[in-house]
Structures are given as structure tokens and as C-alpha cells.
1. Counting just the residues of the range 276-290 that are in contact (Cβ under 8 Å) with a residue 12 or more places away in the chain and over 22 Å from E36 (Cβ atoms), which one comes out surrounded by the fewest Cβ atoms within 10 Å (Cβ to Cβ)?
2. Of everything in the range 40-82 that's in a loop (DSSP other than H, G, I, E, B), hydrophobic (A, V, I, L, M, F, W, C) and out of contact with any strand residue (DSSP E or B) (no Cβ under 8 Å at 6 or more places or on another chain), which residue is surrounded by the fewest Cβ atoms within 10 Å (Cβ to Cβ)?
3. Any residue at all in the range 287-309 that is part of a helix (DSSP H, G or I) and of a type in the set (A, V, I, L, M, F, W, C)?
4. (1) in contact (Cβ under 8 Å) with a residue 60 or more places away in the chain; (2) touching a strand residue (DSSP E or B) at 6+ places or on another chain (Cβ under 8 Å); (3) not in a helix (DSSP H, G or I): which one isn't true of V204, the others all being true?
5. Looking only at the range 266-316, filter to residues that are of a type in the set (D, E) and in contact with a strand residue (DSSP E or B) (Cβ under 7 Å, 6 or more places away or on another chain); which one of those is nearest to G345 (Cα to Cα)?
6. Which condition number does T62 fail, the rest of (1) within 30 Å of A201 (Cβ to Cβ); (2) modelled with pLDDT of 95 or more; (3) not assigned by TED's automatic domain parsing to the domain that holds G341 being met?
7. Please specify each residue of the range 207-229 satisfying the condition of being farther than 15 Å from Y190 by Cα and aromatic (F, W, Y).
8. Based on what the data block shows, is I236 among the hydrophobic types (A, V, I, L, M, F, W, C) and within 16 Å of L174 (Cβ to Cβ)?
Amino acid sequence: MSKLEPQPGIMEIALYQSGASSIDGVSDILKLSSNENPYGAGDAAKEAFRKAGQNLHRYPGTDHAKLRNAIAEVHGLNAAQIICGVGSDEVLQFVTQCFAGPGDEVIYTEHGFSMYPILAHACGATPIKVPERERVVDVDAILNACTARTKIVFIANPANPTGTMIGGNEVARLADGLPEGAILVHDGAYAEFVEGFDGGAALVESRENVIVTRTFSKIYGLGGLRVGWGYAPQAIIDVLNRVRQPFNLSDMQLVVAEAAIRDTDYVARCRADNARWRAWLAEALAELGIPSDTSCTNFILARFASEAEAHACDDHLKAQGIIVRRVGGYGLPHCLRITVGDESGCRRVAHAVKSFKEQAA
């Protein structure tokens, strides 16, 4: 029997590491490692979840029409140009599956979301890592890295795990400067945390080479349901729908996500609370000698003097029942990514970090 061999690129994939959720021997856990909404889902989404349990024996619709129409109404988009997936990750996977393969190159930035190179390898393409400038996406560096083999450019805006973002003019310059046949993927998983930000939708409507993606896992508090969506020119959507499985989302996912996106008052409250406590936490840490870039997300990237200090602080936080995220795998070994919690969570973090600094003094 011949040896079974996976497709090229598959064995180059390092398994994704999710944020920890437990600590051995500790019961009072404060999980701030996965950028989840500390308030959970809104009441409308919870009620939709309860009602959806009545129809678990029914197959869901295959066109996601009600959810796409709700997204279109809330954001002022064309429902026909929306595709829904199992988290925005699946939409990103559709893009690489359809538009990149062996011999092609997929560009991502040095501190970019770790799924980007994984998706490139999965389709046999070559991931190309491009430097950032002080933890901010560098458009010139990306354009300089483009070649005739470039098929996809990924940027997260706002970015994970840095929390930084670039302005619309820079994103437009990037889209306009890409080689012919290349697609810009504007990952807007954290777009809702930026007041008045369209997540790049206007770029889609004025260009043929941009797709934007969004998720229900962050501000909507639906990380456990896994629902995301993308918005792109019709020609791109028509391609992506050919690889999307017809029943990729359950009725439960569809109706809860629809209720969540229509609950705009809840989203506004979560955005306002996040902004308030994000600023408070950043200032509290800065006063302890731990700086961070201005964050446009629901987390802070705390920068320590060294990798050793970051790890020691992480160990101290764990001893206090607080779980944050080490980001050495993102090229930031001296940093910890800390999700913005509610008031009590933020105060608990600040108190724990202060005690760490005092013990180290």
C-alpha cells in the first residue's frame, strides 16, 4: 500500500492555540484571554435562543436570507452581496480556497491574526509575512512585498492582537495598489468597537477587489454559536457561494444572530462601556509603567520591559485567578493581551498587576 500523503502545505500548519479558560486548583476564574463580551449576549439574542430550541428537528434554510436581510438593513448594505459562515473564519477560508493555491502567495502582516498563514498553507499557497511599523499595518511594506504571484492580502483592521488600526484612506491606497487579480481581505472582527466605522463596506461598493468580514463572536457575545459574515462585490460572492456548504449554519445560529444584530441599543451600550473601561485600564497600567498603544478594540496589548517580566506577570495573574493571553506566537513575547472586562474585572486586573509590580520592586 502506498503511503498516504496530505496535500502540499497541510503539514506546515501549526495547530491554532485558543485562549485558556481554566487554571488547575483555582475556582474564581476571570477569563480575559479570548476577547469575549463580559456582559454576554443581549436579552433579545437569549430569547431567540430559547425559542429556537423548539425546532431542533428542522433543517435550516440554505440561503440565510433573513439573516442577510437583517445585516443589510442594519448596515445599509446589499443583502445579495452578503455571505454567512461559521464565524468569519469560515468566510476567510472560502476566500483562500477559491482564490489561492500552489504557486500563489498570500500576504499578511507580522503581528496579524494567526489564522492567515494557516489558511494559506491549507490551500497550498505560500504565506508571506510583511513587517509592521510600531505594531501598525504598514501599507507601503505590503505593496512592496506584492508580486505577480500575490493573490490575497489579509489585514485585520482594527488589528488583533495589537488593537491598532489604519484609516480609510490608507486602506483605499492599499486596495488600489494591489496587483491585478489580487484581493484585499479587510477583517473587521472588531469593527463594532469603533464608533461610526463601516468596517470597510464603502470600499467594497467602489472597488472590485475587496471583501470585508465581520463576526458575531465579539461585541454581540455569541462566540459560542460561531456566526460570521462577509460583504463583497457580487462577482466574488458568486464564487464563494459555490464552496459554501448549503447547511453550514443551523437555524439556531441564524435566528439568534438575526436577533443580535437588530438589537442595536445593546450593541451601543456595550461599545460605550468597553470604551470607558478600556481607557481606564490603559491609564491604570500606564501609571504602573506598563504602556500600550491606543486600542480600537475590546482588549489592550500591555507591553512589558522584557519577555521574562511579561511571563512573570502572567504567572502572578494566574495565581490570582486571572487568565490573559501571552502573544509570543504573534512576535510580541514581551506583551500580554488583556481583554477589557466589566468594571469589577478591570479593577481586579489593575489591582493584581499593581501587586505584581510591588513584589518585583
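1. Taking the range 276-290 first, the residues in contact (Cβ under 8 Å) with a residue 12 or more places away in the chain are 277-278, 280-282, 284-285, 288-290.
Checking which are over 22 Å from E36 (Cβ atoms) leaves us with 288-290.
Numbers: L288: 14, G289: 10, I290: 23.
Among those that are in contact (Cβ under 8 Å) with a residue 12 or more places away in the chain and over 22 Å from E36 (Cβ atoms), it is G289.
2. At the first step, the residues of the range 40-82 found to be in a loop (DSSP other than H, G, I, E, B) are 40-42, 56-64, 76-78.
Retained after the next criterion (residues that are hydrophobic (A, V, I, L, M, F, W, C)): 41, 56, 77.
Those left that are additionally out of contact with any strand residue (DSSP E or B) (no Cβ under 8 Å at 6 or more places or on another chain): 41, 56.
Details: A41: 23, L56: 9.
Within the range 40-82, the match that is surrounded by the fewest Cβ atoms within 10 Å (Cβ to Cβ) is L56.
3. To start, the set of residues in the range 287-309 that are part of a helix (DSSP H, G or I) comprises 287, 307-309.
Next, from what is left, pick out any that are of a type in the set (A, V, I, L, M, F, W, C): 308.
Yes, the range 287-309 contains a residue that is part of a helix (DSSP H, G or I) and of a type in the set (A, V, I, L, M, F, W, C).
4. (3)
5. Step by step, filter the range 266-316, then rank; the result is D314.
6. Failed condition: (2).
7. none
8. Numbers: among the hydrophobic types (A, V, I, L, M, F, W, C): yes; within 16 Å of L174 (Cβ to Cβ): no.
Judged against the criteria, I236 is not a match.
The values are calculated or read from the model by the stated rules, or taken from the named source; none is laboratory data. Here the structure is a predicted model, which means the values were calculated and not measured. FYI the Cβ positions are ideal-geometry reconstructions off the backbone, even for glycines, and counts take in every protein chain you see.
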